[in-house]
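The values are calculated or read from the model by the stated rules, or taken from the named source; none is laboratory data. From a predicted model like this one, the values you see are computed outputs, not experimental measurements. Counting neighbours? That spans all protein chains shown, and the Cβs are built from the backbone with ideal geometry, glycine included. We work out accessible area using only protein heavy atoms, side chains counted, and drop any ligands, DNA or RNA first. Shrake-Rupley method; radii C 1.70, N 1.55, O 1.52, S 1.80 Å.
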Amino acid sequence: MDDKMIVVVFDNEKKAYEGLKALKDLHGEGSITLYGSAVIAKNEGGKVRVKQIDDEGPVGTGVGLATGTLIGLLGGPVGVAIGAGVGTFGGMLYDLAKVGVGEDFLGEVEQQLKPGKVAVVAEVREDWVMPLDTRMEAAGGMVIRRMRDEVVDSQLKRDSAIFRAEMADLKAERAQARREAKEKLQAKINAVKARLQNTRERAKAAAEASEQEMEAKVKALNEQLAQADDETKAKLEARIAEIQSNQKKRAKKLHQAWEFAKEAME
């Protein structure tokens, strides 16, 4: 999987917009696919402000879902989280998992994005790092990147399986318990049911967002195809096929999480 989160830090706003233009040029050439981007700045007080959000991002948000969530983690107002603050992953850790990067990436960005600095935040698809790095360095930017890793899907499936096993154990114990213990066990069962319902809702929301994001990415790639030469077309068509294949795997995993939770609640 070559979908990556990148943050390119610049000394000033002028250079950042030059860097953003270079990213769009790379997209137009077919060297990368730019899924979503924004320009952010950190003021002298350390507060992150969003300066510009492109209208090209997927999911109809004006910025890619992952890009927006990353901005939210950096202190901007655009962050969007499915079930943030609940489940095994809470708050920042859940958002990081959904973006598909680790705490080290966030720490590295925060270390480089000093007060007065401006950055371009984007989700891109790239086969080689040098085309992007060369353009960004020419514009005066320092590139920080991480490959996205889809861990939330697996976490939801694991959560669902764990809660299902816990529910089965509690029901078995309640069946053999005395009357006074049954009430306490029922309260525990109700609490697990609530967690299962939450997991079920998160799995459904994640599946819908994943499908929507896949469709938007394929649309962006098809738009590139229309202007590409034969060699680039073959590369873009391979990207589309891989994205669609990955989406089928994600959908299956999230459906299993939803089914596990549904069965346990019956």
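So that you can scan it fast, the table gives a plain yes or no per residue for (1) among the basic types (Lys, Arg); (2) more than 15 Å from residue 153 (Cβ to Cβ); (3) touching a helix residue (DSSP H, G or I) at 6+ places or on another chain (Cβ under 9 Å):
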{"residue": "185", "(1), (2), (3)": "no, yes, yes"}
{"residue": "204", "(1), (2), (3)": "yes, no, yes"}
{"residue": "208", "(1), (2), (3)": "no, no, no"}
{"residue": "213", "(1), (2), (3)": "no, no, yes"}
{"residue": "227", "(1), (2), (3)": "no, yes, yes"}
{"residue": "231", "(1), (2), (3)": "no, yes, no"}
{"residue": "249", "(1), (2), (3)": "yes, no, yes"}
{"residue": "260", "(1), (2), (3)": "no, no, yes"}
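Within segment 1-34, the set of residues being open to solvent by less than 10 Å² (accessible area, probe 1.4 Å) and out of contact with any strand residue (DSSP E or B) (no Cβ under 6 Å at 6 or more places or on another chain) comprises just one member, 30.
Quick one: is residue 119 touching a residue at least 24 places away in the same chain (Cβ under 8 Å), closer than 30 Å to residue 232 by Cα and open to solvent by less than 80 Å² (accessible area, probe 1.4 Å)? Yes; evaluated as a whole, the condition is true for this residue. Conditions: (1) closer than 17 Å to residue 258 by Cβ; (2) touching a helix residue (DSSP H, G or I) at 6+ places or on another chain (Cβ under 6 Å); (3) of a type in the set (A, V, I, L, M, F, W, C). Residue 189 meets all but one. Number of the miss? Here residue 189 meets the rest and fails (1).
Taking into account only those residues within segment 38-63 that are open to solvent by less than 40 Å² (accessible area, probe 1.4 Å), more than 21 Å from residue 18 (Cβ to Cβ) and at pLDDT below 80, which is farthest from the chain's Cα centre (by Cα)? This residue is 62.
If the condition is being over 23 Å from the mean Cα position of the chain (by Cα), among the basic types (Lys, Arg) and closer than 30 Å to residue 250 by Cα, then segment 151-200 contributes 164, 193. With the structure loaded, tell me whether residue 35 is modelled with pLDDT of 70 or more, among the aromatic types (Phe, Trp, Tyr) and under 21 Å from residue 138 (Cβ atoms) or whether it fails that test. Answer is no for this residue. From the list 151, 143, 124, the lone residue that is under 26 Å from residue 243 (Cβ atoms), at pLDDT 95 or above and hydrophobic (A, V, I, L, M, F, W, C) is 143.
Between 136, 142, 147, the distinction of being touching a Gly at 6+ places or on another chain (Cβ under 6 Å), within 27 Å of residue 28 (Cβ to Cβ) and not small (Gly, Ala, Ser) belongs to 136 only.
Selection of segment 212-266 for residues being charged (D, E, K, R), closer than 30 Å to residue 167 by Cα, open to solvent by 70 Å² or more (accessible area, probe 1.4 Å) and in contact (Cβ under 8 Å) with a residue 12 or more places away in the chain yields only 263.
Evaluate segment 248-265: report whether one residue or more is over 30 Å from residue 68 (Cα atoms), at pLDDT below 90 and among the acidic types (Asp, Glu). Yes, the conditions are met somewhere in segment 248-265. Of everything in segment 198-211 that is farther than 19 Å from residue 66 by Cβ and not charged (D, E, K, R), the residue that is surrounded by the fewest Cβ atoms within 10 Å (Cβ to Cβ) is 198.
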